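Since the structure comes first, as structure tokens, the remarks are kept for the end.
The values are calculated or read from the model by the stated rules, or taken from the named source; none is laboratory data. Owing to the predicted nature of the structure, the values given are computational and were not obtained by experimental measurement. Methodologically, a virtual Cβ is constructed for each residue, glycine included, from the backbone with ideal geometry; neighbour enumeration extends over all protein chains shown.
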Amino acid sequence: MGGVGTRIPRWITITIPGGADYVRVKGVIEREGLHTVCLEARCPNIGDCFCRGTATFLILGDVCTRNCRYCAVRHGKPSPVEPDEPRRVARAVAELGLAYAVVTSVTRDDLADGGSSLFAETVSAIRELSPSCRVEVLVPDFRASMESSLDRVIAAGPYVINHNIETVGPLFEALRPQGDYGLSLRLLTRAAASGIPSKSGLMLGLGESMEDAASTLEDLRRAGCSILTIGQYLRSRRENHRVVKYYTPGEFDSIRTLAESMGFARVLAGPLVRSSYHAEEAAVR
């Protein structure tokens with residue numbers, strides 16, 4: 001079994017950001033006044049992704065209305081929506097020459113549609129400037145407007161619809177107190193029913209048992225989720241939930257095999273796997 005404690009084990013190696021491609025990607029993002037989940041969420045893969053010339057765009061600002069116990073993104077009162085943000089994202093995608101773009105957002109419970117209209121506009125703007133670019137959207141649960149908001153995103157025609165379950169059912173309420181496990185599963189079910197591949201991500205190391213993890217995978221599969229990412233939770237801020245367990249690469253191999261046996265079309269699992277990391281490799285059509 002994997003080690004328990006706070007010291008990061010030897011099998012987790014994080015690339016230090018740097019190099020010409022890193023500088024180029026960062027420059028495009030800064031010039032367009034954009035946010036990325038790579039920076040805001042302190043993703044350990046930022047060096048790798050930026051050096052490959054890609055990034056995960058974070059729309060609707062950089063302040064979340066929710067306060068999940070594991071997340072590094074700031075929470076509080078967000079700034080007003082910027083109507084020209086979709087166009088700026090599209091320009092960045094075009095300048096970077098991306099063949100596959102991932103667009104996500106903070107959760108905006110202050111907006112009647114949860115920000116779904118901006119998601120749809122961003123997909124359309126990217127398609128206008130980069131017709132061959134495939135766009136994956138990583139959406140929040142849209143809370144009270146889930147059905148109409150998700151339908152608006154579906155109508156924009158993204159390549160993949162992603163919504164992360166993040167943690168197992170028994171820990172969900174404690175770690176995502178403003179979320180709803182059942183609502184997240186219903187969103188994935190609705191997304192899958194549209195014919196667009198649905199995707200979700202799970203973090204391990206927050207205190208779950210393997211039985212909890214297996215049960216959550218079964219829930220995701222029943223919801224029609226076809227693409228799955230499973231990674232190690234890493235604590236980004238001191239105030240975040242502690243790491244209860246570090247899973248070994250062998251354990252990730254075992255849970256990937258389990259997920260594949262359940263019928264997921266594509267499973268990426270490993271210590272540094274994240275929902276939007278190498279997203280183009282996980283896309284299934």
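Give me a count of the residues in region 110-148 that are surrounded by fewer than 24 Cβ atoms within 10 Å (Cβ to Cβ), closer than 20 Å to Ser79 by Cα and touching a Phe, Trp or Tyr at 6+ places or on another chain (Cβ under 9 Å).
Number satisfying all stated conditions: 1.
I'd like to check something: does region 149-163 contain any residue that is among the hydroxyl-bearing types (Ser, Thr, Tyr), crowded, with 23+ Cβ neighbours inside 10 Å and over 25 Å from Arg69 (Cα atoms)?
Restricting attention to region 149-163, the residues satisfying the condition of being among the hydroxyl-bearing types (Ser, Thr, Tyr) are 149, 159.
If we keep only those that are crowded, with 23+ Cβ neighbours inside 10 Å too, we end up with 149.
Add one more test, that the residue is over 25 Å from Arg69 (Cα atoms), and what stays is 149.
Yes, there is a match, as at least one residue in region 149-163 is among the hydroxyl-bearing types (Ser, Thr, Tyr), crowded, with 23+ Cβ neighbours inside 10 Å and over 25 Å from Arg69 (Cα atoms).
Within region 242-261, count every residue that is in contact with a strand residue (DSSP E or B) (Cβ under 8 Å, 6 or more places away or on another chain), in a helix (DSSP H, G or I) and not small (Gly, Ala, Ser).
Qualifying residue count, region 242-261: 6.
Within region 107-132, track down each residue that is outside any loop (DSSP other than H, G, I, E, B), over 16 Å from Thr65 (Cα atoms) and free of Cβ contacts under 8 Å to residues at least 60 places away in the same chain.
The answer is Ser117, Leu118, Ala120, Glu121, Val123, Ser124, Ala125, Ile126, Arg127, Glu128, Leu129.
For the structure I just gave you, tell me whether Ala112 is modelled with pLDDT of 95 or more and aliphatic (A, V, I, L, M).
yes
Which numbered condition in (1) surrounded by fewer than 22 Cβ atoms within 10 Å (Cβ to Cβ); (2) more than 16 Å from Thr257 (Cβ to Cβ); (3) touching a residue at least 12 places away in the same chain (Cβ under 8 Å) is the only one that Gly195 fails?
Gly195 satisfies every listed condition except (3).
Are any of the residues in region 73-94 over 30 Å from Gly205 (Cβ atoms), modelled with pLDDT under 95, touching a helix residue (DSSP H, G or I) at 6+ places or on another chain (Cβ under 8 Å) and of a type in the set (Val, Ile, Thr)?
Yes, region 73-94 contains a residue that is over 30 Å from Gly205 (Cβ atoms), modelled with pLDDT under 95, touching a helix residue (DSSP H, G or I) at 6+ places or on another chain (Cβ under 8 Å) and of a type in the set (Val, Ile, Thr).
Here's a check for you: in region 66-106, which residue that is in a loop (DSSP other than H, G, I, E, B) and of a type in the set (A, V, I, L, M, F, W, C) is surrounded by the most Cβ atoms within 10 Å (Cβ to Cβ)?
Among those residues, the one meeting the criterion is Val106.
Looking only at region 211-242, which residues are among the small types (Gly, Ala, Ser) and closer than 12 Å to Ile165 by Cα?
Ala213, Ala223
How about region 242-251: which of its residues are in contact (Cβ under 8 Å) with a residue 40 or more places away in the chain and surrounded by fewer than 23 Cβ atoms within 10 Å (Cβ to Cβ)? Steps first, answer last, please.
Within region 242-251, the first condition is being in contact (Cβ under 8 Å) with a residue 40 or more places away in the chain, and the residues that meet it are 242-249, 251.
Listed by number, the residues that qualify are Arg242, Val243, Val244, Lys245, Thr248, Pro249, Glu251.
Scan (1) in contact (Cβ under 8 Å) with a residue 60 or more places away in the chain; (2) assigned to a loop (DSSP other than H, G, I, E, B) for the single condition Glu239 breaks and write down its number.
Failed condition: (1).
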